[in-house]
Amino acid sequence: MFYYFTPATEHDFMFNQMIPVFQNILFEIIADLLSAQNISYLNNQQVTDANGTIIENFNFMNFYKYLAYEGLHNSQSYQDNIANNLIELTKYNTYRTNAINTLQNCQ
């Protein structure tokens with residue numbers, strides 16, 4: 001049997017089913033993506049809201065999760081679970097910024 005997924009449903013499938021797989025892959029290769037110094041730096045970071053209230057201490061499994069959301073912005077699942085949830089959006093943006101500032105060139 002052949003199933004045809006539209007790009008929207010493919011992205012929703014990735015969002016809802018594949019994030020744990022992506023998290024595990026990123027966990028396995030993190031030493032290739034971040035220097036020991038950057039790993040140490042990130043372990044001392046916090047996710048805060050606009051008022052400076054701590055939402056959570058840096059969490060590598062959440063770091064991997066929010067990295068895996070990259071590119072899924074147009075999925076309905078992203079819109080429902082991230083874009084329309086201020087705390088989740090703050091976490092996504094904070095972890096994404098940390099990734100941009102610390103990930104090594106992956107050529």
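We did not get these values from a lab; they are worked out from the coordinates using the rules stated. What you are looking at is a predicted structure, and each value in this text was computed from that prediction instead of being measured. Don't worry about glycine lacking a Cβ; one is built from the backbone with ideal geometry, like all the others, and counts go over all protein chains shown.
So if I average 1/r over every pair of distinct C-alpha atoms in the chain and take the inverse, what Kirkwood radius in Å does that give?
Hydrodynamic radius (Kirkwood, Cα only) of the chain equals 14.9 Å.
Can you tell which of 36, 83, 68 shows the greatest fluctuation in a Gaussian network model of the chain with Cα springs below 10 Å?
36
Going by amide H atoms built from the backbone, whose H comes under 5 Å of the H on residue 48, apart from near neighbours?
Under 5 Å from the amide H of residue 48: 55.
May I ask you to order 19-27, 89-97, 47-55 by the average number of other C-beta atoms within 10 Å around their residues, highest value first?
Per-residue mean Cβ counts within 10 Å order the peptides as 89-97, 19-27, 47-55.
Quick check on the chain: helices-only [θ] at 222 nm, where DSSP H runs of length 4 and up contribute -39,500 (n - 2.57) each and the sum goes over total residues. Nearest 500, please.
-16000 deg cm²/dmol
When the scattering of the stretch 12-59 is computed by the Debye formula from its Cα atoms alone, each counted once and equally, what is log10 I(q)/I(0) at q = 0.17 Å⁻¹?
-0.73
What base-10 log of the normalised intensity I(q)/I(0) is obtained for the stretch 51-107 from the Debye formula, alpha carbons as equal point scatterers, at q = 0.20, 0.24, 0.31 Å⁻¹?
-0.77, -1.03, -1.36
Where does each of 12, 32 land when they are ranked from fewest to most other beta-carbon atoms within 10 angstrom?
32, 12
Give me the angle, in degrees from 0 to 90, between the Cα long axis of helix 19-33 and the longest principal axis of the Cα atoms of the chain, rounded to the nearest 10.
40 degrees
Using Cβ counts within 10 Å as a stand-in for footprinting exposure, how do 69, 41 rank, fewest first?
41, 69
To the nearest 20 Debye, how big is the dipole of the chain about its Cα centre, given +1 on the beta carbon of each Lys and Arg and -1 on that of each Asp and Glu?
The calculation lands at about 160 debye.
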